[in-house]
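Asks: Just passing along the structure, written as structure tokens.
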Amino acid sequence: MARRERETVGVILAGGRGERAKPITLESADYIRSKAMIPFAGRRLVEWVIDACREQGIRRFYVVAQGQENRSQIKMLLEHGERYGVEVRYSRSVFDRYNVGSGAATLHNLEEWDLRGQALVLPVDSVFDFSLEELQATQDATGALVTVAAVARRAVEVAGKYGAMRTAGNLVTGFVEKPGLERILEVFPHLAEDRGALLPTNAGMYLVDCARLRQVARDPDLMRLAQQRLDWGGDLLPYLVAHGLPVAVSTIGRLGDLGNVQDYLLTLRDVLSGAYPQMNELMDVPRSVEPRYWIHESSLATRDDLTGTTLAEKIATGSVVIGPGVRVGRHVVIGPDVRLEYADIGDGADLREGVEVRRGACGDAAIVGPYAQINDSYIGPMAEIRSQRLSPARLTRFTAIGDGAQLWPGSRLDGIGVYPRLQVPPLSGLPRGTQLTSSDDVLHWAS
């Protein structure tokens, strides 16, 4: 894509700790993986962000990191952007203490980097389907200081989960932070007659006029807020609107939140099913269109040790059934009688005979034992799900198994989180939402 006359730079907010997404964001119980480094459909999240923005003409990126581990993990992957065809700079560690909230981090670093033109500020724990050109058109037409990318949602979707915006035309007049349904109907009375009407919700992406925003940030009241805690959605945008500064809204196609295990898996399913047109363009060409799936040629040629046949042979004879929305990485071993549907299988994974994975993910080098049933669940890299035909493991309803954890045959986990490297005997009946964070937790529930 040709470079735009008016350059837009990308500001990636990558300093969050990913607490809600545990154990996906953990490499060990005490080592948090940067949200930017979460594996997703064969790449790290920050790589999807870079590629999606580059395709719309953004060539310079500024990464707001936080702390040694967060910064070093991202820099080790991206370096300075050469292999992605872009330029990448990082926030200075000496200013980490000022990154108290997404809004404060943005304001401090716009000043540090002396950015004066236009910037697209975006988080690293979401995938988007958006048009930079449309955001720019709204910004130009309204003269806005900030244009908020919005996702249109029905009231029942918004209630208790998303912040909604009151608007007049394309300008924002107010914010309602995660309202209940009753509050939504009070603030937006037209919804009482039309429950199918859509409300604009903040997608966490902002097109900003850097020079004007920096000038506003010099207001003493805003400076004091930025020294305490200043988030974009809850603090900075309401401040701007309350002070009569123009904030516009522009609706984008889709937003996939990856902030917790459930949202991660639902977004993964949507991406693999083709619901994100822009990501379709960034992914490899599917090996099959109907059903739509990707299988690396090295995996097609790999033989399992039970039958000695290749995956290609098993697919041809119907021994292995590949449904829609499946991605299989490199050098994956897949045994006979395996069923996959809306599944992401990482490099070097090993799926034994009779395994079923529906709406799930298996990380690199994960091992899934015979006849295990994985539904709406995540298995981290190097994890091992030991399972047997007469004592199969069953993971359901947004269970997540951390890196290198091991489950014994007969495990029945429903909506459970297992932290990395734990060894878990057969457990069942745990309350949904239980997090096994240590061996003491395992002993408690096993006793």
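The values are calculated or read from the model by the stated rules, or taken from the named source; none is laboratory data. Remember, predicted model here, so these are calculated numbers, not experimental data. In this analysis, Cβ positions are derived from the backbone assuming ideal geometry, glycine residues included, and neighbour counts consider all displayed protein chains. Please note that ligands, DNA and RNA were not included when accessible areas were found on the heavy atoms of the full protein model with its side chains. Shrake-Rupley method; radii C 1.70, N 1.55, O 1.52, S 1.80 Å.
Asks: Is there a residue being modelled with pLDDT under 90, open to solvent by 80 Å² or more (accessible area, probe 1.4 Å) and under 29 Å from the mean Cα position of the chain (by Cα) anywhere in the range 234-241?
Replies: Within the range 234-241 (the criterion being modelled with pLDDT under 90, open to solvent by 80 Å² or more (accessible area, probe 1.4 Å) and under 29 Å from the mean Cα position of the chain (by Cα)), the answer is no, since none of the residues qualifies.
Asks: If the requirement is being hydrophobic (A, V, I, L, M, F, W, C), surrounded by 22 or more Cβ atoms within 10 Å (Cβ to Cβ) and either out of contact with any Ser or Thr (no Cβ under 7 Å at 6 or more places or on another chain) or closer than 30 Å to residue 253 by Cα (or both), which of these qualifies: 78, 115?
Replies: 78
Asks: Being of a type in the set (Lys, Arg) and in contact with a Ser or Thr (Cβ under 9 Å, 6 or more places away or on another chain): is that true of residue 339 here? So that I can check it myself, show each step before the final result.
Replies: On the way: of a type in the set (Lys, Arg): yes; in contact with a Ser or Thr (Cβ under 9 Å, 6 or more places away or on another chain): no.
Spelling it out, it is not the case that residue 339 is of a type in the set (Lys, Arg) and in contact with a Ser or Thr (Cβ under 9 Å, 6 or more places away or on another chain).
Asks: May I pose another question? Tell me whether the range 44-56 contains one or more residues that are free of Cβ contacts under 8 Å to residues at least 24 places away in the same chain and not basic (Lys, Arg).
Replies: Taking the range 44-56 first, the residues free of Cβ contacts under 8 Å to residues at least 24 places away in the same chain are none.
Within the range 44-56, none of the residues are free of Cβ contacts under 8 Å to residues at least 24 places away in the same chain and not basic (Lys, Arg).
Asks: A further question on this structure: Within the range 418-431, identify whether any single residue is over 24 Å from residue 303 (Cα atoms) and small (Gly, Ala, Ser), and answer yes or no.
Replies: Taking the range 418-431 first, the residues over 24 Å from residue 303 (Cα atoms) are 418-431.
Applying the additional criterion that residues be small (Gly, Ala, Ser) yields 428-429.
There is at least one residue in the range 418-431 that is over 24 Å from residue 303 (Cα atoms) and small (Gly, Ala, Ser).
Asks: If the Cβ limit is 7 Å and pairs must be 6+ apart or interchain, which residue in the range 197-218 that is on the phi < 0 side of the Ramachandran plot pairs with which residue that is assigned to a helix (DSSP H, G or I) and of a type in the set (Val, Ile, Thr)?
Replies: Qualifying pairs under 7 Å: 199/158; 201/158.
Asks: Could I ask something else about it? Could we say that residue 138 is in contact (Cβ under 8 Å) with a residue 40 or more places away in the chain, among the polar types (S, T, N, Q) and open to solvent by less than 10 Å² (accessible area, probe 1.4 Å) here?
Replies: It is false that residue 138 is in contact (Cβ under 8 Å) with a residue 40 or more places away in the chain, among the polar types (S, T, N, Q) and open to solvent by less than 10 Å² (accessible area, probe 1.4 Å).
Asks: Scan the range 211-233 residue by residue and report those that are of a type outside the set (D, E, K, R), open to solvent by 60 Å² or more (accessible area, probe 1.4 Å) and not in a helix (DSSP H, G or I).
Replies: We begin by selecting, within the range 211-233, every residue of a type outside the set (D, E, K, R); these are 211, 213, 215-217, 220, 222-223, 225-228, 230, 232-233.
From what's left, open to solvent by 60 Å² or more (accessible area, probe 1.4 Å): 215, 220, 223, 225, 227-228.
If the condition is that a residue be of a type outside the set (D, E, K, R), open to solvent by 60 Å² or more (accessible area, probe 1.4 Å) and not in a helix (DSSP H, G or I), then 227, 228 are the ones that fit.
Yes/no matrix, rows are residues, columns are (1) at pLDDT below 95; (2) touching a strand residue (DSSP E or B) at 6+ places or on another chain (Cβ under 8 Å); (3) acidic (Asp, Glu):
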site: 344; (1), (2), (3): no, yes, yes
site: 350; (1), (2), (3): no, yes, yes
site: 366; (1), (2), (3): no, yes, no
site: 374; (1), (2), (3): no, yes, no
site: 377; (1), (2), (3): no, yes, no
site: 391; (1), (2), (3): no, no, no
site: 409; (1), (2), (3): no, yes, no
site: 428; (1), (2), (3): yes, yes, no
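Asks: Moving on to the next point. Just one of (1) open to solvent by less than 10 Å² (accessible area, probe 1.4 Å); (2) farther than 26 Å from residue 331 by Cβ trips up residue 419, so point out which.
Replies: Condition (1) is where residue 419 drops out.
So that you can scan it fast, the table gives a plain yes or no per residue for (1) buried (at least 21 other Cβ atoms within 10 Å of the Cβ); (2) over 17 Å from the mean Cα position of the chain (by Cα); (3) at pLDDT 95 or above; (4) more than 30 Å from residue 262 (Cβ to Cβ):
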position: 56; (1), (2), (3), (4): no, yes, no, no
position: 61; (1), (2), (3), (4): yes, yes, yes, no
position: 70; (1), (2), (3), (4): yes, no, no, no
position: 94; (1), (2), (3), (4): no, yes, no, yes
position: 128; (1), (2), (3), (4): yes, no, no, no
